[in-house]
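The values are calculated or read from the model by the stated rules, or taken from the named source; none is laboratory data. What you are looking at is a predicted structure, and each value in this text was computed from that prediction instead of being measured. Note that each Cβ is placed from the backbone with ideal geometry, even for glycine, and that neighbours are counted across all protein chains shown.
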């Protein structure tokens, strides 16, 4: 027997799919930091600026992960994440995890 509450939750989830969207981003890298936890933090400028984090789960196309300032990135974001720069003293940089991306050389 299916409960009415679970049916209602499924209907609501199907009516509002925007909650699962990945948001596009893109721009030229201004700063890149290789983090202790195996991710790469990148500060990206316009047209869609922000702090983004490449991880091993990121689907990466042709020219690989972010590597240097001046490189251009374009892709889709996932959930918020963090970059562990130093353990003592504890230094972390927040950012948005990159789901998939392509880059220039």
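Inspect the range 89-105 for any residue being over 10 Å from the mean Cα position of the chain (by Cα), closer than 21 Å to residue 23 by Cα and free of Cβ contacts under 8 Å to residues at least 40 places away in the same chain and give the result as yes or no. The answer is no, given that none of the residues of the range 89-105 is over 10 Å from the mean Cα position of the chain (by Cα), closer than 21 Å to residue 23 by Cα and free of Cβ contacts under 8 Å to residues at least 40 places away in the same chain. Among the residues of the range 3-49 satisfying the criterion of being farther than 24 Å from residue 68 by Cβ and in contact with a strand residue (DSSP E or B) (Cβ under 8 Å, 6 or more places away or on another chain), which is modelled with the lowest pLDDT? Selected residue: 22.
Quick one: in the range 40-61, of everything that is within 11 Å of the chain's Cα centre (by Cα) and either without any contact (Cβ under 8 Å) to a residue 24 or more places away in the chain or not in a strand (DSSP E or B) (or both), which residue is surrounded by the most Cβ atoms within 10 Å (Cβ to Cβ)? Among them, the one singled out is 58. Within the range 22-39, the residues that satisfy the criterion of being under 12 Å from the mean Cα position of the chain (by Cα) and either closer than 12 Å to residue 74 by Cα or part of a strand (DSSP E or B) (or both) are 23, 24, 25, 26.
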